1. Which condition breaks for VAL77 when tested against (1) buried (at least 16 other Cβ atoms within 10 Å of the Cβ); (2) of a type outside the set (S, T, N, Q); (3) farther than 27 Å from LEU43 by Cα?
2. State whether the residues of the range 178-185 include one that is assigned to a helix (DSSP H, G or I) and acidic (Asp, Glu).
3. Taking into account only those residues within the range 83-109 that are open to solvent by 60 Å² or more (accessible area, probe 1.4 Å) and over 17 Å from the mean Cα position of the chain (by Cα), which is modelled with the lowest pLDDT?
4. Would you confirm, using the coordinates I've provided, whether SER126 is open to solvent by 70 Å² or more (accessible area, probe 1.4 Å), more than 16 Å from LEU88 (Cα to Cα) and polar (S, T, N, Q)?
5. So GLU62 fits all but one of (1) open to solvent by 80 Å² or more (accessible area, probe 1.4 Å); (2) within 17 Å of the chain's Cα centre (by Cα); (3) touching a residue at least 12 places away in the same chain (Cβ under 8 Å); what number is the exception?
6. Please go through (1) in contact with a Lys or Arg (Cβ under 9 Å, 6 or more places away or on another chain); (2) modelled with pLDDT of 95 or more for GLU163 and return the number of the only condition it doesn't satisfy.
7. Inspect all residues belonging to the range 112-120 and state whether any of them is in contact (Cβ under 8 Å) with a residue 40 or more places away in the chain and under 21 Å from LEU61 (Cβ atoms).
8. For residues that are among the hydroxyl-bearing types (Ser, Thr, Tyr) and modelled with pLDDT of 75 or more, scanning just the range 1-52, find the one that is farthest from GLU226 (Cα to Cα).
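The values are calculated or read from the model by the stated rules, or taken from the named source; none is laboratory data. These numbers come from a predicted model, not from an experiment. So basically every Cβ, Gly included, is an ideal-geometry build from the backbone, and we count neighbours across all protein chains shown. Areas reflect the complete protein model, heavy atoms only, side chains present, ligands, DNA and RNA absent. Shrake-Rupley method; radii C 1.70, N 1.55, O 1.52, S 1.80 Å.
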Amino acid sequence: MTADDFARPLVATNLASLALERLERAILEGDLKPGQRLSETELARRFGISRGPLREAIGQLEGRKLVERVTNQGARVVWLSPTELIDLLVIRESLEGTACRLATERMTDADLDELDSMLEAHAADSTLVAGKGYFQGAGEKDFHGRIARASANSRLIAMLEGELYSLLRLYRHRLSMRPGRPQDALEEHRVILAAMRTRDPDKAEAAMRAHIRKSRSAVAELMAAEADAAMKDAGQTAS
């Protein structure tokens, strides 16, 4: 079988994957805002691809709950109200607290050493050092994801890494750029890891829950600040 036999489907697959990667990054990094309508024509021109692969990428992000379809409006970036976001964080506290408890019982010393090395890599990141954000990346580079998977509870992992994490990533990037929050979050991760090293599940779960409660408070402050800014903008426009 020659390379030509694979050429056409491979190109299409690569374009769809590229469109998915770029579109997801644009959403998670805030280039495309929550609630913003997704124009296939505009985005296809922006990414330099046809509308077919782009439409496929939008469909995949719809499956991940990052995109929703609205009657008579088409596809748009999903938008969460302050109440919906706080509700998600309440659920996250419970689920991740349980995941951390289970992971503490199941992770080896070598596994915990790998978590420590990962946090040191995070600490050395130039963006975090500058206080401009704490961007962990996905998969094995994500502290919370590693702990969730280490719980070895398939249903718990599915609940965390499915819709919940996808929706929270919309706001996680913006939150991580708030002054002082990058360093605080890193230190809270270190406290969680230290608690896990004691092999005390209660202590580890408490540390994780405390971290997520602090994140929830930071989110509430962020939403309040954005609401105030919107009201000021509306007042200036009216005047």
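1. The failed condition is (3).
2. Going through the range 178-185, the residues assigned to a helix (DSSP H, G or I) turn out to be 181-185.
Right, trim to acidic (Asp, Glu) and you get 184.
Yes: one or more hits.
3. Of the residues in the range 83-109, the ones open to solvent by 60 Å² or more (accessible area, probe 1.4 Å) are 83-84, 87, 90-91, 101, 105-106, 108-109.
Subset that is over 17 Å from the mean Cα position of the chain (by Cα): 83, 101, 105-106, 108-109.
Working: THR83: 87, ARG101: 98, GLU105: 97, ARG106: 97, THR108: 97, ASP109: 97.
This residue is THR83.
4. Details: open to solvent by 70 Å² or more (accessible area, probe 1.4 Å): yes; more than 16 Å from LEU88 (Cα to Cα): yes; polar (S, T, N, Q): yes.
Judged against the criteria, SER126 is a match.
5. (1)
6. Checking GLU163 against (1) in contact with a Lys or Arg (Cβ under 9 Å, 6 or more places away or on another chain); (2) modelled with pLDDT of 95 or more, the one that fails is (2).
7. Of the residues in the range 112-120, the ones in contact (Cβ under 8 Å) with a residue 40 or more places away in the chain are 112, 115-116, 119.
Among the residues that remain, those that are also under 21 Å from LEU61 (Cβ atoms) are: none.
Checking the range 112-120: not a single residue is in contact (Cβ under 8 Å) with a residue 40 or more places away in the chain and under 21 Å from LEU61 (Cβ atoms).
8. Quick first cut of the range 1-52, residues among the hydroxyl-bearing types (Ser, Thr, Tyr) only: 2, 13, 17, 39, 41, 50.
The next check asks that each one be modelled with pLDDT of 75 or more; those that pass are 17, 39, 41, 50.
Values: SER17: 33, SER39: 25, THR41: 30, SER50: 36 Å.
Looking at the filtered set, the residue picked out is SER50.
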